[in-house]
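Here is the structure we will look at, set down as structure tokens.
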Amino acid sequence: MRLLKWVLVLVLMWSLYWAGAGWWVQNGVARWFDTQEARGWQADYAELSLTGYPSRHVTTIKAPALADPGTGAAWQAESLVIDSRAIWPGHVTLRFADAPQLLSYFEQTLSIVTEGLVADLRLKPGLALELDSMSLTSGPWSLSEEGEPLARAQTLTLSTVQQDSPETYSVTARAEAFAPGERLRDVARISKTLPEAFEVFELEATITWDKPWDRSALEAARPQPRLVDLRLAEAKWGALRLLAAGSFTVDDEGIPEGTITIKAENWRDMLAIAQEAGVLPEQAVNPVERALSMLEGLGGNPNALDLRLNLRGGAVALGPLPLGPAPRLILR
């Protein structure tokens, strides 16, 4: 009888804790939306509910919609589920509905359709909710604009892990059977002889930002990259294979400075495809091939072309060939 009383007391105490912590979690989500709305954002949702007793707090947000007028970025979805352990809310799982999400930037709106899109976040203790690690996985996904397919893949895996320096994160990404849509193939004038999908499409890098990723990344300014160490970027598409590695810094204006080494296998096939697509004029084929053959000889590998992508003074050059101004790397 005494044991039963203790069990009942413990159940009652846990239930009170679960209810109190659940109210704090749910109220925190509602307050966050209210705060963004007070800052001038559009921050709406249709319904907020809490389940998961006794071991978890599962908050379901129906029809969330966010829009930042300062950057022109907006996002909306059918639903978002925030799932955390009742004993510690710092390990959070986000589950997205298998329904189109709309991502807008001013006048351009993209539709993202995923299957089983899940983001697993581990946050450090504290009010800042600093990101310790994140993994994102999805089954088949597609990206389209105004009903026209832009890209799709069978899977998506993305992970980022905080390093010893709180501003530095290692990043890995991989997409299986990544396939650009007809529109991208036409815009890039990609040869029809290439397969529909990439065999390999992956990236490994370490990025140092100007501040750690935490709640201020949503509420205030996004962290900006300051040092990118590209350990490996690889793409294999039919007979074509590109590998890249290197590092570069990024200044306050978003201008990169550094060097990336690129290896292109079967580059003569790439040249033929560029000629077939009309990207390379017929009269330029022989001079370009001679120049690249000289660079190929310098690399010591007769089947691959080793080049350096030089980022200097706001410009980009591939070996000795200038390509134009460097892109600005700024997160809005």
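Key figures
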read-out: Matching residues, segment 96-109, being free of Cβ contacts under 8 Å to residues at least 24 places away in the same chain and part of a strand (DSSP E or B); value: F96
read-out: Check on V113, of a type in the set (V, I, T), modelled with pLDDT of 90 or more and under 18 Å from the mean Cα position of the chain (by Cα); value: yes
read-out: Count of residues meeting criterion [under 20 Å from G70 (Cβ atoms), among the aliphatic types (A, V, I, L, M) and exposed (fewer than 15 other Cβ atoms within 10 Å of the Cβ)] in segment 93-113; value: 1
read-out: Residue under evaluation A46, criteria (1) of a type in the set (A, V, I, L, M, F, W, C); (2) out of contact with any Ser or Thr (no Cβ under 7 Å at 6 or more places or on another chain); (3) under 19 Å from Y105 (Cα atoms), criterion not met; value: (3)
read-out: Test: residue in segment 114-127 that is among the hydrophobic types (A, V, I, L, M, F, W, C), surrounded by fewer than 17 Cβ atoms within 10 Å (Cβ to Cβ) and farther than 25 Å from R215 by Cβ; value: no
read-out: Spans of strands (runs of 3 or more DSSP E) in segment 30-90 with at least 3 residues among the acidic types (D, E); value: none
read-out: Pick from segment 1-31, criterion in contact (Cβ under 8 Å) with a residue 40 or more places away in the chain and within 23 Å of W75 (Cβ to Cβ), ranking: nearest to the chain's Cα centre (by Cα); value: V29
read-out: Among (1) crowded, with 18+ Cβ neighbours inside 10 Å; (2) assigned to a helix (DSSP H, G or I) - the single one M13 does not satisfy; value: (1)
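Yes or no, residue by residue, for (1) over 19 Å from L123 (Cα atoms); (2) out of contact with any Gly (no Cβ under 7 Å at 6 or more places or on another chain); (3) at pLDDT below 85:
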position: E176; (1), (2), (3): yes, yes, no
position: R189; (1), (2), (3): yes, no, yes
position: E196; (1), (2), (3): yes, yes, yes
position: V200; (1), (2), (3): yes, yes, yes
position: L203; (1), (2), (3): yes, yes, no
position: D214; (1), (2), (3): no, yes, no
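The values are calculated or read from the model by the stated rules, or taken from the named source; none is laboratory data. Predicted model, so just to flag it, every value in this text is computed and none were measured. Quick reminder, even Gly has a Cβ in these numbers, built from the backbone with ideal geometry, and neighbours come from all protein chains shown.
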